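To start, the structure itself, in structure tokens.
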């Protein structure tokens, strides 16, 4: 029987799971896991992942979920998640600790801060092996990693937010009000309400650029995910009702908000590229926002490929491999 290694990337909003048999990726999924509602959400996500993780020999584990509000500290979050995994998973658990490599759960509990939010380093390390001279741009639902893979600088979230390597903006979950404070509407600048009426998923749904299968969480108002309902949420941020303007007018406003977000990622990339000695020749795009990352690469004048194109995977797995890059990477690194 072929040995199976499972990569788990445990986030505060999603569980990403990848199955490798030998070195080949055969299955990968992203599962909604709103951990802010309680640790039982992780239990439910792991149960949902059972078809992928069944009969696995080894689990390679990385996480960012320790930042979730239910934990009193990042250290406490790591310890609670590790304990939950030890209770729920059968097979050998190997915990990714960034530059320190992999460790047993027992060893990892002695150094939880090396476990915390190290998933970006797993992806960067694998990409550096496969394609030197690469800038990784991984845009997830909530954050964007921008890493010179041969020479990452920051190791913690706070360090990376200083270096430009972490931009706290994402493809779907980021509130519009944290991206822009004003937008053009019908020939005038309009101030925006600083409230969570709409998200970037709504913006992209208005623009018609949101893939059907990447927005896995409830909307801000609990209503549906049609373009019309997204437009109604978006218009509330302008203090207006959607029907006061035509869709095409609102789409110009939405495009401005999207551009503001892209600009923040572009600025982060420029900051990373400005470091002395940086020798970047190409971009690898990843995350559910890989298409946005590719647009940044074009602005930088750099060729881009998706993470899924770099790795050994069945053709039908490459899209979700790109979207769940850290889960794939951590499994590959353990296998090597």
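Overview of results
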| quantity | calculated |
| --- | --- |
| Residue that is outside the structural domain of residue 29 (by TED's automatic domain parsing), in a loop (DSSP other than H, G, I, E, B) and in contact (Cβ under 8 Å) with a residue 40 or more places away in the chain, where the choices are 209, 219 | 209 |
| Members of region 222-231 that are more than 15 Å from residue 203 (Cα to Cα) and either in contact (Cβ under 8 Å) with a residue 12 or more places away in the chain or surrounded by 12 or more Cβ atoms within 10 Å (Cβ to Cβ) (or both) | 223 |
| Test: residue in region 115-126 that is surrounded by fewer than 18 Cβ atoms within 10 Å (Cβ to Cβ) and either touching a residue at least 40 places away in the same chain (Cβ under 8 Å) or assigned to a loop (DSSP other than H, G, I, E, B) (or both) | no |
| Residue ranges of strands (runs of 3 or more DSSP E) in region 1-59 with at least 1 members surrounded by fewer than 20 Cβ atoms within 10 Å (Cβ to Cβ) | 14-21, 24-32 |
| Flag if residue 186 is over 28 Å from residue 11 (Cα atoms) and either out of contact with any strand residue (DSSP E or B) (no Cβ under 9 Å at 6 or more places or on another chain) or at pLDDT below 95 (or both) | yes |
| Residues of region 2-18 satisfying the condition of being over 20 Å from residue 81 (Cβ atoms) and without any contact (Cβ under 8 Å) to a residue 40 or more places away in the chain | 2 |
| Residue list for region 140-167, filter: touching a helix residue (DSSP H, G or I) at 6+ places or on another chain (Cβ under 7 Å), part of a loop (DSSP other than H, G, I, E, B) and within 16 Å of residue 270 (Cα to Cα) | 149, 152, 153, 154, 164, 165 |
| Any hit, region 63-83, residues being surrounded by 13 or more Cβ atoms within 10 Å (Cβ to Cβ) and part of a strand (DSSP E or B) | yes |
| Count of region 263-283 residues which are over 16 Å from residue 199 (Cβ atoms) and part of a helix (DSSP H, G or I) | 10 |
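The values are calculated or read from the model by the stated rules, or taken from the named source; none is laboratory data. From a predicted model like this one, the values you see are computed outputs, not experimental measurements. When we count neighbours, we look across all protein chains shown, and the Cβ atoms used for this are built from the backbone with ideal geometry, even at glycine.
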